[in-house]
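Before any comments, here is the structure.
The values are calculated or read from the model by the stated rules, or taken from the named source; none is laboratory data. Computed from a predicted structure; not experimentally measured. Cβ coordinates were reconstructed from backbone atoms using ideal geometry, including for glycine residues, and neighbour counts include every protein chain displayed. Each accessible area value is taken on the protein alone, full model and side chains, heavy atoms only, with ligands, DNA and RNA left out. Shrake-Rupley method; radii C 1.70, N 1.55, O 1.52, S 1.80 Å.
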Amino acid sequence: MSLSSTLRATFSADIGIDLGTANTVVYSHDEGVLVSEPSVVAYRTSDGALVAIGQAAKELDGRTPGRIEVVRPLRGGTISDFRGAHALVKMVVDRALARGPRIAPRVIACVPGCATDIECKAVEEAIRAAGPRTTTFVPQAVAAAVGAGLDITSTRPAMVIDIGGGTTEIAVLTLCGVVAMSSIKVGGDTFDAAITARLRNEFFGIGPLTAERLKIERGYAGRAPGQDPYSVAGSDMRNLRPGKRDVDETLVAEAMRDGIDRIARAAWSILEATPPDLAGELMEAGIVLTGGGALIPGLAGEIGARTNVPTTVADDPLWCVARGAGEILASPGLLERLRPHADRLTRWYQSLRTGMRESYSR
């Protein structure tokens with residue numbers, strides 16, 4: 001190892017970044033989760049100045065006057081607001097590296113499988129704007145599997161379903177490679193929007209934070225848990241005035257059903273695309289759920305029943321992608337085995353960099 005490499009390893013942090021639709025998480029192998037912030041920014045409409053980023057901006061959602069606009073810079077797992085994404089990533093990286101020297105940090109960033117070329121250019125530029133000198137890209141499903149503690153280096157297959165805020169990544173992995181993978185634009189935001197639309201059909205309006213709370217408190221898949229109705233405040237659209245309503249758990253489940261069906265069908269299609277020998281071994285290895293959507297009560301059992309493959313929820317599923325990215329970077333052997341695929345992604349992004357800079361200059 002060269003002197004410069006030794007100094008970098010001693011004084012610089014190696015971090016993994018999960019740039020998610022709902023939350024942006026930074027993880028270090030040595031210290032665990034360094035930063036976790038909602039992927040939300042708030043602008044002043046008069047001059048476009050940033051007012052708040054992260055949790056502070058999320059608390060403003062649905063509560064701001066006309067002079068402030070709250071925006072989620074990532075939609076469907078990809079960047080829709082370049083400037084907001086740059087500010088968000090720079091903030092979380094600065095906070096993650098604030099406690100120690102910042103000498104050429106190495107970063108692993110995770111990318112969704114459904115991202116288009118233009119969307120991936122934006123991800124690359126957002127990471128580079130935060131200042132790291134070395135950035136490696138890995139598929140989100142690979143990072144989720146490693147973060148969930150699955151062995152992706154052996155001939156035994158590992159199947160992971162990562163349900164994030166904007167996308168669901170499904171993959172079967174073996175020998176550090178992807179046997180079959182699918183990425184669908186269904187996630188926590190899909191469920192929130194469906195709950196909002198379902199209540200609006202009954203002439204009751206709620207905001208995004210209330211919809212998210214209903215999903216967390218009364219959402220489920222499969223058999224109803226038997227919980228009491230949940231009281232929420234909103235707009236009585238029939239009488240044109242503020243009001244309250246008790247929302248039954250079955251209403252929330254009905255709203256979420258279509259999204260859950262799409263995830264289950266995607267999982268089944270991946271199993272169909274998996275070679276028979278590996279598919280048979282998955283009967284023993286099982287499926288592991290990660291991401292915030294994995295916390296929906298009954299979802300693991302529902303997917304297991306529909307696919308006929310035992311399904312479990314990973315420990316700390318919210319942190320699996322970021323933790324996996326950090327663990328890959330901290331494991332030279334695993335990083336080297338993933339290097340061919342990671343290098344292809346990195347070279348691809350680098351070849352697109354000039355086009356992205358030109359598009360920003362217009």
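Brief remarks on what is shown
- Stretchable slack from Glu31 to Glu217, in nm (0.36 nm times residue separation minus alpha-carbon distance): 63.9 nm
- Among the listed pairs Lys58/Lys244; Lys58/Lys215; Lys185/Lys215, those whose Cα-Cα separation exceeds 21 Å are Lys58/Lys244.
- Fully extending the segment from Ala49 to Ala193, taken as 0.36 nm per residue of separation minus the present Cα-Cα distance, adds 49.0 nm.
- The stretch between Ala129 and Met237 holds 34.4 nm of extra length on full extension. This uses 0.36 nm per residue minus the Cα-Cα distance.
- Inter-probe distance in nm under a simple model that places probes 7 Å from Cα toward Cβ, at Asp277 and Asp94: 5.4
- Solvent exposure of Tyr230, expressed as accessible area, is near 50 Å², computed with a probe of 1.4 Å over the protein chains only.
- Overall, the accessible surface of segment 177-262 at a probe of 1.4 angstrom is composed of carbon and sulfur to the extent of 47 percent.
- Note on Asp316/Thr64: beta-carbon distance plugged into 1/(1 + (r/R0)^6) with R0 of 25 Å gives a FRET efficiency of 0.15.
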